[in-house]
Ligand code: GDP
């Protein structure tokens, strides 16, 4: 596709070593010719693609020395011709050069416009573009890693395999519908049903992997709960390695949920400190208690902190009831004050003062959230992809039921087609303009 030239600064705003200004479109080299004077005898129009050339860049009211590179479409990020300037990384340097590209006819690129053009030109699937965004926005190593898997078309690869099997099934159905002898239809039903079942099984397995993928993307939610003064805030601070929560020896001072983000083994954990769960005349504290209850209920893992003297009283019982059957880590804190009591049952003994047991607590947090440490290729991290797979599976299940009931093949074909369409939302083939717009609107300008 030969679109008008668009340009943007590709590097973040602020000061840096280098800034990059990127132009993509039908003839960015013509713009470069008018604003870049290469060192030596070479002319811009004779530039070899994928080679850096030093020279003088025109910033309109100033000049800079920098580099220019030309990417020849379709072997470029967007699939179009691209020119990039590398200049000194000053905000005004980059802006001046960008303005000069505008003066020479380039239009300002919208959010994610380069990647959107890449998608529209078939350079990457929609899921892959989302992977790019996940990598850029990734808040943990695991999210970056998962983003890269998406970006490198791992999910799309699987989805395309399933789509091609669905296409084959559909082709078979079309043949039988065109030659509607009874026995062919019956034969076909028997042949199609197990193939649909196999596809549904694959889809279900992918859907199930979202449990991990979701945690990688959003982080594991950890509720730190327990009676006031047991050391919840102190433990949170120790886990985070800096003082975030307010520590006080007056019971009931942690009135609000305090969030901190912790990375364990490259994965994100959102920690919430909860106010003590107890009956209180203080309304502010009561609000805190209600909030604590909400946090515990929505948490993936609960850390229950107690200290000596230990004794499961009514308050503890109420807390544990709130935790229900979600993964729970029982922490006995303040071991520096008193040796662990033999009658105290805890998963880990800690001291928020000396740091004892903190590493063990982190290990337990990881294991309770993800199971034992191990590699897993989580590329289902986007809710959108999960939703599309769920819809695809519903159609597959419906088709399987229709086979079992011996319904006409063309009816089954409708379900099969709809399953294909649902999968196409992931690759982008059937994604609506609105969905596409929404995805790229989350990108930054220059990507
Ligand atoms: P919270 O109400 O459960 O959040 O408890 P805080 O974190 O505010 O701690 C209550 C008091 O216990 C503070 O004075 C802390 O300094 C103290 N504390 C917390 N953890 C420990 C610990 O492991 N050892 C000792 N000696 N004191 C602790």
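The values are calculated or read from the model by the stated rules, or taken from the named source; none is laboratory data. Predicted model only: the values in this text are computed from it and were never measured. Because the Cβ atoms are built from the backbone with ideal geometry, glycine has one as well, and the counts that use them run over all protein chains shown.
A quick yes/no check of all residues on (1) closer than 17 Å to residue 427 by Cβ; (2) modelled with pLDDT under 95:
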{"site": "145", "(1), (2)": "no, yes"}
{"site": "156", "(1), (2)": "yes, no"}
{"site": "159", "(1), (2)": "yes, no"}
{"site": "164", "(1), (2)": "yes, no"}
{"site": "171", "(1), (2)": "no, yes"}
{"site": "181", "(1), (2)": "no, yes"}
{"site": "193", "(1), (2)": "no, yes"}
{"site": "196", "(1), (2)": "no, no"}
{"site": "200", "(1), (2)": "no, no"}
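Yes or no, residue by residue, for (1) surrounded by fewer than 20 Cβ atoms within 10 Å (Cβ to Cβ); (2) in contact (Cβ under 8 Å) with a residue 24 or more places away in the chain:
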{"site": "104", "(1), (2)": "yes, yes"}
{"site": "127", "(1), (2)": "no, yes"}
{"site": "175", "(1), (2)": "yes, no"}
{"site": "179", "(1), (2)": "yes, no"}
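Scanning the stretch 42-77 for residues that are surrounded by 15 or more Cβ atoms within 10 Å (Cβ to Cβ) and part of a loop (DSSP other than H, G, I, E, B) yields 47, 59, 60, 73, 76, 77. For the stretch 217-226, the criterion of being under 30 Å from residue 128 (Cα atoms), touching a strand residue (DSSP E or B) at 6+ places or on another chain (Cβ under 9 Å) and part of a helix (DSSP H, G or I) is satisfied by at least one residue.
The set of residues in the stretch 341-355 being on the phi < 0 side of the Ramachandran plot and surrounded by fewer than 16 Cβ atoms within 10 Å (Cβ to Cβ) consists of 341, 342, 343, 345, 353, 354. Within the stretch 347-357, if we keep just the residues that are under 12 Å from residue 334 (Cα atoms) and touching a helix residue (DSSP H, G or I) at 6+ places or on another chain (Cβ under 7 Å), the residue that is nearest to the ligand (Cβ to nearest atom) turns out to be 352.
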